[in-house]
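> Just passing along the structure, written as structure tokens.
The values are calculated or read from the model by the stated rules, or taken from the named source; none is laboratory data. Bear in mind that the values here come from a model prediction, so they are computed numbers and not experimental data. All Cβ positions, even for glycine, are placed from backbone atoms using ideal geometry, and neighbour counts span all protein chains on display.
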Amino acid sequence: MTPYVVILVGFAGLLAAALVVDVLGRAGREPLRPLARVLETAMTWRAGRWMVWGAWLWIGFHFLAR
Amino acid sequence: MSATQVPARVAPLGWWDALIVVYAALAALCRPLTAPAAVAVLLAGAALLALAARRQVPPQPVICSRRAVLPWMVLALLLAGWELTAMLWGNDSAHPSLSLLLDPVLDTYPGRLVGYLAWLATGRWLVTRMTR
């Protein structure tokens, strides 16, 4: 297995895990919650808002502009 | 169509949705690693941040427990760790980081269009979740 495949499988596994957590959270499986609900919670406090908006800006700049 | 059939109702697009689609279509014309692309991202980012700063929504109660947040924190840390691993391992075509993996997609106009749409829609959603 080449390093490329190892890295690709790692990212794919993390994406799959995130999807599983999100789907289970939407289905009401305790204690999981969907990502949107967790972000909403983070944005109820000031530092959380800064972090979420900062991450959003960074993602846009890093992937679309750089 | 028989008299009992009801035509499917499509939710109307709001002004913001239309603006996001038009902006994404134009911004996606800018190739990454160029000044126009940086301006396109920063302009949209500044506009949505300004909107978020002006928005006043009554504070909402905390809706997730720490146990609910923990899996997402772990996933975020694992993603950051894996990205760091790829970067330290080589950060080249044989050892690609996430951005290198996405480069072939974002090098195409449809790929960038989807990227801008997803990013701007997320930003719009974040604006609607602003509380003070």
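> Out of the residues in segment B:31-47 meeting the condition of being under 19 Å from B:Val105 (Cα atoms) and among the small types (Gly, Ala, Ser), tell me which one is farthest from the other protein chains (Cβ to nearest Cβ).
The qualifying residue farthest from the other protein chains (Cβ to nearest Cβ) is B:Ala40.
> Next question, about the same structure. Pull out all pairs, ordered by first then second residue, where Cβ-Cβ is under 8 Å, the residues are six or more apart or on different chains, the first lies in segment A:46-62 and is at the interface with chain B (Cβ under 7 Å from one of its Cβ atoms), and the second is in a helix (DSSP H, G or I) and aromatic (Phe, Trp, Tyr).
Filtered contacts from segment A:46-62: A:Trp56/B:Trp119; A:Ile59/B:Trp119; A:Gly60/B:Trp119.
> For segment B:44-132, please list each of the helices (runs of 4 or more DSSP H) lying entirely inside it that holds at least 3 residues being of a type in the set (Ser, Thr, Tyr) and either touching a His at 6+ places or on another chain (Cβ under 9 Å) or modelled with pLDDT of 90 or more (or both). Walk me through it before giving the result.
On the way: elements: B:66-89, B:98-106, B:109-128.
By residue number, B:109-128.
> A follow-up question, please. Give me the pairs: first residue in segment B:51-67 and loosely packed, with under 10 Cβ neighbours inside 10 Å, second residue modelled with pLDDT under 70, beta-carbon distance under 9 Å, and six or more apart or on different chains, which are they?
Sorted first by the residue in segment B:51-67, then by its partner, the pairs are B:Gln56/B:Thr131; B:Gln56/B:Arg132; B:Pro58/B:Thr131; B:Pro58/B:Arg132; B:Pro59/B:Thr131; B:Pro59/B:Arg132.
> Which one of these does A:Arg37 not meet: (1) part of a loop (DSSP other than H, G, I, E, B); (2) of a type outside the set (A, V, I, L, M); (3) surrounded by 14 or more Cβ atoms within 10 Å (Cβ to Cβ)?
Going through (1) part of a loop (DSSP other than H, G, I, E, B); (2) of a type outside the set (A, V, I, L, M); (3) surrounded by 14 or more Cβ atoms within 10 Å (Cβ to Cβ) one by one, A:Arg37 breaks only (1).
> Related question: Could you list, in sequence order, the residues of segment A:3-30 that are assigned to a loop (DSSP other than H, G, I, E, B) and modelled with pLDDT of 90 or more? It would help to see each step written out before you state the result.
Residues of segment A:3-30 assigned to a loop (DSSP other than H, G, I, E, B): A:27-30.
Across segment A:3-30, the qualifying residue is only A:Ala27.
> Let me ask something additional. Among the listed residues A:Leu14, A:Leu8, A:Leu32, which satisfies the condition of being over 22 Å from B:Arg129 (Cβ atoms) and crowded, with 18+ Cβ neighbours inside 10 Å?
Details: A:Leu8 fails: crowded, with 18+ Cβ neighbours inside 10 Å; A:Leu32 fails: over 22 Å from B:Arg129 (Cβ atoms).
None of the others qualify; the one that does is A:Leu14.
> Starting from segment B:74-85, take each residue that is farther than 10 Å from A:Ala17 by Cβ and list its partners that are surrounded by 13 or more Cβ atoms within 10 Å (Cβ to Cβ), counting only C-beta distances under 7 angstrom and pairs at least six apart or across chains.
Close Cβ pairs (under 7 Å, with a partner that is surrounded by 13 or more Cβ atoms within 10 Å (Cβ to Cβ)) amount to B:Trp82/A:Gly10; B:Trp82/A:Phe11; B:Trp82/A:Leu14; B:Glu83/B:Ser97; B:Glu83/B:Leu98.
> Right, next: Mind listing whichever residues of segment B:10-28 are assigned to a loop (DSSP other than H, G, I, E, B) and modelled with pLDDT of 50 or more?
Listed by number, the residues that qualify are B:Ala11, B:Pro12, B:Leu13, B:Gly14, B:Ala28.
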